[in-house]
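Below: one structure, written as structure tokens.
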Amino acid sequence: MSGAWQQDCDSVEGRCDDEPFVYMLHVGRYGDDVTGLVVRYVNSGAPFDPRMECGCYVMQGGRAKDTSISLHLKLRAAAAAPGDGPGCPAPTHPFASESCRAALADPPCSTLRFDLSGDDDILDGRLSCDDAAPGVTRRFVPARGKTRRTCLAADHCANLPSPDDSPP
Amino acid sequence: MIRLRTLTLCLAGLFFPMGASAAPPLSDVERLRDGLPPGFRRPTVVVYPVLDARPLAAVGPVAPSPETSVFDAFVAELARHENLNVIRPGQTLQRVRARKGFAENEVEAGRMSGAGHDDYKQVRLDAAIDHLAEAGTLFSRLEYVYVDPRAVARAELVRGQALLEKGDDVDASTAFGRALNADPRLRLRPNYDRPECIDAFERARRAAIETPPAPTELSRWAADEPVSPDVYLVRSRLLPAVAERPERLEIYVVGSGGAVMPDVQALAMPDAASRLAGRLWASLPFGHTVKDKKPGGEVRLDAGFAWFLFAEDGLGAGVFNNVGAQSSFYWGLARNIGLQVAFLVANSGRDTEEDLRGDILTYRAFLGPGYEKRVARWRFDAHLGVEVASPGRIATTDNVYCKHAPPDERSIFAAFCPQDAISTSNRTLLVGTGMTAGASVDLVDDLYLALQVNAAEYFYQLESTDLGRPVGASLSLGYRLR
């Protein structure tokens, strides 16, 4: 399961026209442990456009068993837990989209959970916000290119919106 | 001035050491004239009796023993060369009969031939053909055409007759040809044998005269003759004059490696025998001096691939392979006693959970005496001695975030991978007892293939490390230098 996976927007089952955001998973599996990055993109009609990247998050609590993996992201930054919240691909990344800035400043939940299973070609599963059942179903397929291994911590991102920037 | 001259002479001696002592190589004739040195190993030339095909062309009664003086003179001329160990035709027959399995195969061939003859008399044609074919195969293996040519000829003749009666003209003709090759005086009787059989036989005889059969049996190594690079088989046949081709003697020199040197000599030429013998002598190896090998003293060098793992692994990284190259040097100290020096360099792979954060480059060296036992082409050895090893820098972690992300304080992973989550140790030196055990097999000449297993236990560590007790194996190609 190690490698890059992107949300499937091309197949009949994986239409994501109505989604504001799409995700790419950069998975590293080490025995039963899983970590890596989840990169969020604004669904702008050109999916996974690097300019539309809207936060990258560390996979936390990742576990793998047979053909399934589970992990979660901390969408909200917390002073007590450095590393929670989003990072950025470059210090001057603009986060230009309004919907992106809103989602970063005021995340819909603090923890986004991924429960996926599949094989080398497809990962199917659910994304649930703060463990709220049942969540939404999503499909991921292998992505081309190298697995991304890191992104900059929030302290090094000049244009990353903070909670103070959220609209009233 | 004297010092300058001395220096000049010394330099001349250094740069031109061969100038005064090197002599032009001696020709083979000069070497023979000077006498062969002690311990000289002569090539063995096994001369078979000549197969005289000239009676093929004879019309009417055939003389029982055609004259073969040219061949006899050829053998005598060849034997005059002292560097060759010429086995004369009479001795060759004894040599053929003395080969392993000859007596048993001869009995079996006779039994098959007898059964074939009985089958033919009882008009069991298929059984006759099968039995006589088996007899023919055994006769060929035994080179029985030199021992009892008439027995071979009878078997092939009857097989040819049976094949003809079955309607197989082509194979019948081949069988008649083989019969005539064994006994060129063989003829069928007009008022006894069937006319169509006589016609087919005569056609085969005329074909054998016009186009001598391919020298397949003459140009192959004898199946039961032990292989040796110092032995050469010389088979020959006398062929009748046809059209513009005169009576001639054909010879085939066969080496154990399959090399065949054909030659042909017209009988009517003056000095035909000495001409042919001279050409053959010039084309054969001269021979060589065998140096007395002292017990022990053998020196071998090999190099190949090596693999090992550390059976004692306190890194918590699980088992990981180390693969690299090994070179070993062996020096025979006495009979069955030798010294081994081995040097190995290997790079580690990763454990399944990738706790190791980088490859470990390890050097190992071994020095130890041991016991060696040689059995035919195989050699078995075991050595016990001192091993010195030096594993390179080791970095391990069980923190999954440290495994995944490169160390960078600006990285989003920095908060998850503290500095103390990765433990490191620098290159160190280990000393202990090593042991090896192996087997090698000679491939060709001085080249051999060796498989060896090795293990070590370390007693001294320059810096503490969690690795120990390497267990591994190597596969090498080697060369015996002395």
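Worth pointing out:
- Unit charges on C-beta of K, R, D, E only; dipole of the stretch A:3-165, Debye: 420 debye
- Accessible carbon and sulfur surface of the stretch B:325-482 relative to its total accessible area, %, 1.4 Å: 61 percent
- Under the combined filter of DSSP loop state and at most 11 neighbouring Cβ atoms within 10 Å, the stretch B:369-401 retains these trypsin sites (Lys or Arg not before Pro): B:Arg377.
- Distance in nm between pseudo-label sites at B:Val345 and A:Ser117 (7 Å out along the Cβ direction from Cα): 5.0 nm
- 15 Å Cα-Cα reach of A:Lys65 towards aspartates and glutamates, excluding residues that sit fewer than 8 places from it in its own chain: A:Asp32, A:Asp33, A:Asp115, A:Asp119, A:Asp120, A:Asp124, B:Glu353
- Ranked by how many other beta carbons lie within 10 Å on average, peptides B:361-371, B:242-252 from highest: B:361-371, B:242-252
- Note on the stretch A:3-165: along the principal axes its Cα atoms extend 41, 35, 33 Å, ordered by decreasing extent.
- Pairwise burial A:B, computed as accessible area of each alone minus the pair, summed, 1.4 Å, Å²: 1700 Å²
- Drop in accessible area of at least 20 Å² in the complex versus isolated chain, residues of the stretch B:387-411, 1.4 Å probe: B:Val400, B:Tyr401, B:Lys403, B:His404, B:Pro406, B:Arg410, B:Ser411
- Legend: residues in the stretch A:33-63 shielded by at least 30 square angstrom of accessible surface upon adding the remaining protein chains to the isolated chain (1.4 Å probe, heavy atoms) are A:Asp33, A:Thr35, A:Val58.
- B:Gln461-A:Ala78 pseudo-label distance in nm [points 7 Å out on the Cα-to-Cβ vector]: 4.0 nm
- For the stretch A:1-23 and the stretch B:269-285, distance of Cα centres in Å: 88 Å
- Global form of the stretch B:60-219, assessed from the alpha-carbon gyration tensor, a/c cut-off 1.5: oblate
- Computed with every protein chain present, the accessible area of B:Leu451 is close to 100 Å² [probe 1.4 Å].
- Computing FRET efficiency as 1/(1 + (r/R0)^6) for B:Arg410 and A:Thr92, where r is the C-beta to C-beta distance and R0 is 22 Å, gives about 0.95.
- Threshold 30 Å² - residues in the stretch A:133-158 whose accessible area is reduced by that much or more when the chain is no longer isolated, probe 1.4 Å: A:Arg149, A:Thr150, A:Leu152, A:Ala153, A:His156
- Förster radius 56 Å - calculated FRET efficiency between B:Ala325 and B:Ala282 (Cβ-Cβ, nearest 0.05): 0.75
- Rolling a 1.4 Å probe over the protein heavy atoms of the stretch B:81-202, with every protein chain left in place, gives an accessible area that is 48 percent carbon and sulfur.
- Among B:Gly332, A:Gly36, A:Ser11 the positive-end extreme of the charge dipole of the protein assembly as shown (Cβ point charges): B:Gly332
- Computed E for B:Arg41/B:Arg427 - FRET, C-beta separation, R0 60 angstrom, nearest 0.05: 0.65
- Pairs of alpha carbons in the protein assembly as shown whose separation is greater than 37 Å (percent): 66 percent
- Full-extension gain in nm, B:Ser256 to B:Thr352, via 0.36 nm per residue minus C-alpha separation: 29.2 nm
- Per residue, the solvent-accessible area of the stretch A:3-165 (1.4 Å probe, heavy atoms of protein chains only, all protein chains present) comes to 48 Å².
- By definition, a body whose alpha carbon gyration tensor gives a ≥ b ≥ c is prolate when a/c is 1.5 or more and a/b is larger than b/c, and chain B fits this prolate description.
- Apportionment of accessible area to carbon and sulfur, the stretch A:83-167, percent (1.4 Å): 49 percent
- Alpha carbon centroid spacing (whole Å) that separates the stretch A:90-168 from the stretch B:72-134: 90 Å
- Cα gyration tensor shape for the stretch B:62-135, rounded if a/c is under 1.5, else prolate or oblate: oblate
- Note on chain B: Lys pairs 8 or more places apart or on different chains, Cα atoms under 22 Å apart, count 4.
- Contour excess over end-to-end distance, with Cα ends at B:Ser390 and B:Val170 and 0.36 nm allotted per residue: 71.7 nm
- The stretch B:199-217 and the stretch B:147-168: distance between their alpha carbon centers, rounded to Å: 14 Å
The values are calculated or read from the model by the stated rules, or taken from the named source; none is laboratory data. What you are looking at is a predicted structure, and each value in this text was computed from that prediction instead of being measured. Neighbour counts are summed over all protein chains in view; Cβ atoms, including those assigned to glycine, are modelled from backbone coordinates with ideal geometry. Just the protein is used for accessible areas: all its heavy atoms, side chains included, with ligands, DNA and RNA removed. Shrake-Rupley method; radii C 1.70, N 1.55, O 1.52, S 1.80 Å.
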